[in-house]
Every structure is written in C-alpha cells, then in structure tokens.
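A short worksheet on the structure shown next.
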Amino acid sequence: MSVPTMTANALTADEPVQFYDLDEHAHPEGHSTMLGFWIYLMSDCLIFAILFACYAVLGGSYAAGPSPKDLFDLKLIALNTAMLLFSSITYGFAVLQMQQGKVKGVQLWLAVTALFGLAFLGIELYEFHHLIEIGAGPQRSAFLSSFFTLVGTHGLHVTFGIVWLVTLMFQLSKHGLIAANKRRVMCLSMFWHFLDVVWIGVFTFVYLMGVLR
Amino acid sequence: MSADPHAAHDHNEIEMPHASMRDYVVGFVLSVILTAIPFWLVMTMPLSAGATGAIIMGFAVVQIVVHMVFFLHMTPKAEGGWSLTSLVFTIIVVVIMLAGSLWVMHHLNTNMMPMPHEPTSQVTGQVP
C-alpha cells in the first residue's frame, strides 16, 4: 500500500530530483555581524530582565533598613540620565560623520561620547560610594543587594562600552574607515544605545518608582 | 575572491541602517521631553502616587520605543525582518519572566507563615 506522496513521487520519478537551495551563497566577512550582534543584545536584554525581576521581587524587603525614599537623590539621577542621553546623541554624530567618511570627526565624537560615559560612571560611583559610606551597602538588605546588582551590572556594561570606545578610536587611527571598522562603529552604536534603553528602565523602575513607593 | 565581481560588490556593501541628523535630533528632543516629565512629576508630586506611577511607566515604554526607532534604527524590514522577530521573541520572554516572577513571588509572600522568631522579616509588607 502506497502513501499518496509516494504515488506523486512515482509519477515524477523520471524527472531529475530538484532541490531549491542547492547553490552555495556568498558569505562575505561580516555580512551577518549586525544581526548576530543584535541577537547578542537581545540575550543581554534577558540578563537585565532577570535582574529587574529580582529587584521587583526583593525591592520592598528593607530588613528594617533604609528605603529608596531615604537613599535616592533624584537630582543626581537626573544629572546622570542627562549624561547618558547626551552620550547617545554624540554617538549619533559619530555615526553621521562616518557616513560622510570623516575619520577625524568620528574620533572626535567618539571621544566626546567617552567623556559623557565617564561622567556617568563617575556620578554612579560617587552615589555607590556614598551609599556604602552611610551603611547602605549591598549587604544591608535584600533591596540594596538587588539594587547594587542591577545598577552595578548596567554600570559594568557602560565601563566595557568605554573600553570598547577607546579601542575603536585606536583601530580607527590605525586603519581608517575600512569596512571592518565601519561595522565595529555600528555594533558599538547598537551597544551604546541599548545601554541607554536599559537605563530608561533603571531610572523609571528603580529610582522614580522607588521614591514613589 | 569571488568569480563574479558584480555580485561580490553587492555583498561587500554590508547592510547598515542609514542614519540621518533629523532622526537623531528628533529622537533626542523626544527623549529629553519623555525624561523630564517623569522626573518633574515625581519631584514635585502634583498627582497621586498611583497616577504618577502609571504615567511614568507609560512614558518609559514610549521612550524605549523612541530610542528603538530613532537611535537603533529599528524598522520591520531591518535584516530581512529578523531583527524585529528576535526583538518580539525577547519581549515575549521578558514579559513572561517578569509577570511570572512577580506573580509567583507575590503569592509566596502572602501565603508565607508569619515567623515570630525574626520580627524584621515582617517589616516588608506593612507599615506599623
């Protein structure tokens, strides 16, 4: 007894078998880098989602210690947010300079971006130092543990973003705007703007909602 | 490297999103507005805490979309739609993870037996 598909095959058996995707495609270097990097960012997004979930669960467990209202200085956070937002648009200017093929312009704006990133990190470290100084370190309560983990992980990402920025500036001065460097500029652009997206979640959910609580 | 120089040329032009000054400026201005209003709302508190919370969460979602569109150049067609597909998949996973964690842990908290040995553990939910 034959299955219908077998019959169909039998009917066309004298014709050569055809596969539709037989030819090898060209895979030039880096043609899938952008998508691959995007998928990396999505996996990074999952890391932050887990940390946000931890904070959401533990954020109210003060262990009779200080609450967000006692600790967070919103003016400082507003300044920090501004630094990151400025660094986003200056990175945008670097990308625009790259599209016009100006190496010096790209390097200049990357340097400005790195400075804003450093300002952000400096303010964040100042905040962390202050919190630990007054006894509100990560070991004080579950709220503070999850807070330091979430915000610290973001800060660590920014740190590595700055390391990458500096690396890229050296690569640009050595090789100029070759295809590989353009690709790197665009990948770091995604990384940098992605960090700003995560920061939107941090300042809204951790700081602003924390003070509202 | 390739036998067909024309095809090689086509493929060497790696697909990159085209950015424009207009995109960055519009995105930046929108972001500033969408950041300033939540900070102002929380710092001056003209509304109730519940309404303020709902509004700033809404603003955050809008600002994330603004960043995606104007800074990350997200379009449905980018990378043949695969960027958007992976983004939608990530969002689904994130929503399940966040909602699920909060739901489960909330019930765990409310169903927890009170523990008289550690008075500090009860401070979480209730204000005396």
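The values are calculated or read from the model by the stated rules, or taken from the named source; none is laboratory data. Given the structure is predicted, the values throughout are model-derived calculations rather than measurements. Backbone-built Cβ (ideal geometry, glycine too); neighbour counts: all protein chains shown.
Considering only the stretch A:35-54, how many residues are touching a residue at least 12 places away in the same chain (Cβ under 8 Å), closer than 11 Å to A:MET190 by Cβ and facing chain B (nearest Cβ under 7 Å)? Count: 1.
The condition (being hydrophobic (A, V, I, L, M, F, W, C) and within 14 Å of another protein chain (Cβ to nearest Cβ)) is satisfied by just one residue among A:PHE128, A:PHE148, A:PHE194: A:PHE194. Total residues in the stretch A:151-184 satisfying the condition of being within 14 Å of chain B (Cβ to nearest Cβ) and assigned to a loop (DSSP other than H, G, I, E, B): the figure is 2.
Of all residues in the stretch B:45-77, those being surrounded by 18 or more Cβ atoms within 10 Å (Cβ to Cβ) and more than 10 Å from every other protein chain (Cβ to nearest Cβ) number 0. For the stretch A:70-111, filtered to residues that are hydrophobic (A, V, I, L, M, F, W, C) and away from chain B (no Cβ under 14 Å), the residue that is surrounded by the most Cβ atoms within 10 Å (Cβ to Cβ) is A:LEU110. In the stretch B:13-31, what residues are aliphatic (A, V, I, L, M) and more than 7 Å from every other protein chain (Cβ to nearest Cβ)? Correct list: B:VAL25, B:VAL26, B:VAL29, B:LEU30.
Residues of the stretch A:19-34 that are of a type in the set (A, V, I, L, M, F, W, C), facing chain B (nearest Cβ under 9 Å) and surrounded by fewer than 16 Cβ atoms within 10 Å (Cβ to Cβ): A:ALA26 alone.
Summed over the stretch A:12-57, residues that are under 25 Å from A:GLY155 (Cα atoms) and of a type in the set (D, E, K, R) total 1. Here B:ALA19, B:ALA51, B:ALA7 are screened, and the one residue that is small (Gly, Ala, Ser), closer than 23 Å to A:THR81 by Cβ, assigned to a helix (DSSP H, G or I) and at pLDDT below 95 is B:ALA51.
When each of A:VAL158, A:VAL106 is tested for being closer than 26 Å to A:ALA53 by Cβ, among the aliphatic types (A, V, I, L, M) and either touching a Lys or Arg at 6+ places or on another chain (Cβ under 9 Å) or at pLDDT 95 or above (or both), the lone residue that passes is A:VAL158.
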